[in-house]
Structures are given as structure tokens and as C-alpha cells.
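The values are calculated or read from the model by the stated rules, or taken from the named source; none is laboratory data. These numbers were taken from a predicted model, which means no experiment stands behind them. Because the Cβ atoms are built from the backbone with ideal geometry, glycine has one as well, and the counts that use them run over all protein chains shown. Ligands, DNA and RNA are excluded from the accessible area calculation, which covers all protein heavy atoms including side chains. Shrake-Rupley method; radii C 1.70, N 1.55, O 1.52, S 1.80 Å.
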Amino acid sequence: QTVQEYERAAAELRQWAAADDVSVVIATAPLHMARHQYARALQPVLAWLAKAPMKPANAAERRSMVELRNQLLAKLQWTIWSAHFRAIAPIESPATYERL
């Protein structure tokens with residue numbers, strides 16, 4: 001696909017879904033990446049991760065967004081942020097939860 005075709009498809013998707021919907025964020029990220037606008041692609045990913053609750057119902061979406069965040073951070077060569085997110089990964093999504 002050409003970038004123009006992809007732009008049209010992304011614009012059509014945005015008509016039917018909110019800009020912060022995970023499908024829109026994931027669908028528009030390659031468009032920004034094709035233009036080498038990695039920080040612009042990263043912004044909605046970080047916003048979604050910050051506000052999305054950690055529930056089993058959205059675990060697959062969360063994994064996709066975390067993977068996309070890590071790819072974008074690598075493209076930007078923001079190693080300090082990559083290290084930060086690797087360090088807090090056990091806190092963000094622990095394997096087990098302790099009873100209170």
C-alpha cells in the first residue's frame with residue numbers, strides 16, 4: 001500500500017472509532033513510522049497505557065501496546081526510557097498477586 005492509501009484508510013477508521021481506541025492507535029502507528037515520526041506514534045501509545053486499567057479483559061491489547069511502545073522507544077534510541085520500562089515491568093504486570 002502507498003502512504004496515501006494508508007492515510008485514507010486511517011482517516012476512515014477515525015470516523016468510526018475514538019482517536020484513543022486501541023485499534024486506531026495500532027493502525028495509525030505504521031503511518032507515523034513510515035514518515036519517521038516515532039515520537040508522534042509513541043504519544044497515543046503512552047496515553048493509552050497510562051489510562052487503561054490492568055484487567056484480564058484487556059491483557060492482549062495491553063501486551064500489543066507495550067510491544068509497540070518498546071519498538072518505538074528503540075527506534076527513537078531512548079535507551080533510558082527503555083531501561084525504565086524494563087525495570088518496572090514486574091510491577092506493571094506481576095505474574096501473581098498477593099492477598100491483602
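The candidates Trp16, Trp48, Trp78, arranged from most to least accessible area with a 1.4 Å probe in the full protein assembly, appear as Trp16, Trp78, Trp48. The order of His32, His84 by accessible area, most exposed first and with a 1.4 Å probe, is His84, His32. Estimated at the nearest 10 Å², the accessible area of Arg40 is 140 Å² with a 1.4 Å probe. Here the chain is treated as a sphere whose radius is the Kirkwood value from Cα pairs; by Stokes-Einstein at 20 °C and 1.002 mPa s it diffuses with a coefficient of 146 µm²/s. Take the Cα of Ala39, step 7 Å toward its Cβ, do the same at Ala19, and the gap between the two points is 1.8 nm.
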